[in-house]
Structure formats: C-alpha cells, structure tokens
Amino acid sequence: MLQTDKQICIPPELPELLKQFTKAAIRTQPQDLIQWAADYFGALSRGEIPSTREQSEPVPSSNWAELTPELLKMLHSRVGGRLIVHVNELAHMWKMLHLPTELFNSVINVGRFMEEIEWLKFLALACSSLGVTISKTLQIACEVLSSDHDGGPARIPFSTFQFLYTYIAEVDGEISASHVSRMLNYIEQEIIGPDGLIKVIDFTQNPRVRLE
C-alpha cells in the first residue's frame with residue numbers, strides 16, 4: 001500500500017461548522033439525516049440560513065406566532081417574578097401567546113424539565129432558539145429580563161447573568177467550566193460597578209470578554 005508523508009491540514013473553520021451542524025441536526029431530528037444534511041450544506045453554499053425544519057414537516061398555521069424577544073418579554077411578565085412555574089401553567093401561557101407547541105416541547109426536552117420548571121432555565125433555552133451564539137443568547141435574555149423603562153441600555157443583575165451563562169454553557173457542552181469561571185471572575189472584578197448590574201455592551205463589545 002502506498003504511503004505518503006503529506007500532512008493533512010484541517011481547515012480552521014471546520015470545527016465550528018460541524019458543531020453548528022450537529023446542534024441543528026439534534027434540534028431538528030430529521031428522519032432522513034443524509035438528505036437533510038445535503039439540504040443544510042446546500043443552503044450554506046448559497047449563502048442562505050439553513051432551515052431547521054424538515055421538508056416533510058408541515059408549515060405552521062398562520063395562527064401560530066413566531067417567537068420573538070418581545071413575546072418572551074410578555075411571557076416573562078406573565079410569570080410574574082416567580083422562580084418556579086408548573087409545566088401546565090407555562091404551557092397554557094405559551095399557548096395564549098399563540099407560540100408553536102413544537103418549540104415548547106423542544107425546550108422542555110432539551111432542559112429535561114419535569115412538572116416544576118425553573119423559569120430562568122426555560123427562558124435561557126428559549127432565548128437560545130433565537131440566538132446563534134451564546135453571546136447573542138445572553139444578549140436576548142438580558143433584553144427580556146431588563147426592567148429599565150427609561151430607554152437606557154438593557155441591564156440585569158450580575159448574579160442573574162452568572163446563572164444564565166453557567167447554565168447555557170453547561171447545556172452547550174463545548175465550553176469548559178474553567179473558561180466560564182475565568183470570564184465571570186474577569187467581568188465581576190473589572191467591569192461590574194457598585195450597582196451590581198451588567199449591560200449588554202459589557203459582554204458584547206469588550207474584546208477581553210470571550211464567552212464562547
């Protein structure tokens with residue numbers, strides 16, 4: 001058998017590309033993975049955003065609303081500051097906003113929630129369905145949770161941000177606990193002021209804060 005000393009070069013973008021493909025496949029659960037993968041990478045090659053819905057899956061009725069940060073903010077308002085919400089009550093509130101049942105069930109499955117749901121964890125996963133990256137997910141969560149009404153920048157308590165970031169990173173499974181700890185320590189020591197609040201720009205526009 002012929003042998004060669006030529007080294008195999010791995011394209012630098014390949015790991016992230018495969019990571020996003022794997023996440024999309026897990027969320028979509030396609031029956032024909034090969035065909036779905038062909039469609040996924042075909043869309044990427046055309047510069048389009050790949051669909052996370054199977055071709056055979058029916059298009060949602062116009063009665064269903066598309067999940068948005070604004071609707072999540074309404075849902076958060078209806079939760080009323082509670083930390084724990086019963087799954088049936090949350091499902092009812094979700095339905096009253098005309099949000100897709102499939103998405104609700106997907107969040108429940110990913111979070112492995114039972115009857116009593118930790119609201120912030122559910123919200124984090126719901127935000128992750130809108131955010132491509134962890135940073136974007138946390139930005140959406142910050143905007144949903146922010147209670148500022150004076151038109152100022154979205155901001156939340158650092159303790160809440162710490163909880164959300166730790167949980168999302170744990171679910172993601174690609175970020176080490178040590179990296180999360182380093183980022184949180186840096187933010188707390190170098191960025192957070194006396195008010196104990198963190199703003200979106202604190203973790204999206206600071207080059208030393210790398211959440212991924």
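The values are calculated or read from the model by the stated rules, or taken from the named source; none is laboratory data. Quantities reported herein were computed from a predicted structural model and do not represent experimental measurements. A quick note on method: Cβ atoms are made from the backbone with ideal geometry, for glycine too, and the neighbour counts reach across all protein chains shown. Keep in mind that these areas ignore ligands, DNA and RNA; they rest on the heavy atoms of the full protein, side chains included. Shrake-Rupley method; radii C 1.70, N 1.55, O 1.52, S 1.80 Å.
Here Thr160 meets each of (1) open to solvent by less than 60 Å² (accessible area, probe 1.4 Å); (2) farther than 24 Å from Gly81 by Cα with one exception, condition (2). Among residues of the stretch 106-119 that are in contact (Cβ under 8 Å) with a residue 60 or more places away in the chain, those with a beta-carbon under 8 Å from a residue that is open to solvent by less than 80 Å² (accessible area, probe 1.4 Å) and in a helix (DSSP H, G or I) at least six positions away or on a different chain give the pairs Val110/Leu125; Val110/Val171; Gly111/Lys121; Gly111/Phe122; Gly111/Leu125; Gly111/Val171.
Restricting the stretch 32-54 to residues that are surrounded by 11 or more Cβ atoms within 10 Å (Cβ to Cβ) and part of a loop (DSSP other than H, G, I, E, B), the residue that is modelled with the highest pLDDT is Asp32.
The requirement of being under 25 Å from the mean Cα position of the chain (by Cα) and either modelled with pLDDT of 80 or more or hydrophobic (A, V, I, L, M, F, W, C) (or both) is not satisfied by Ile10. As a summary of the residue check, Arg182 satisfies the conditions (1) within 18 Å of the chain's Cα centre (by Cα); (2) assigned to a helix (DSSP H, G or I); (3) not aromatic (Phe, Trp, Tyr) except for the one numbered (1).
For the stretch 163-178, a residue qualifies if it is modelled with pLDDT of 90 or more, open to solvent by less than 30 Å² (accessible area, probe 1.4 Å) and either more than 16 Å from Ala141 (Cβ to Cβ) or of a type in the set (A, V, I, L, M) (or both), and the qualifying residues are Leu164, Ile168, Ala169.
Pairing each residue of the stretch 199-212 that is more than 14 Å from Ile140 (Cα to Cα) with any residue that is small (Gly, Ala, Ser) and surrounded by fewer than 19 Cβ atoms within 10 Å (Cβ to Cβ), provided the two are 6+ apart or on different chains, yields C-beta distances under 9 Å for Val209/Ser135; Arg210/Ser135; Leu211/Ser135; Glu212/Ser135.
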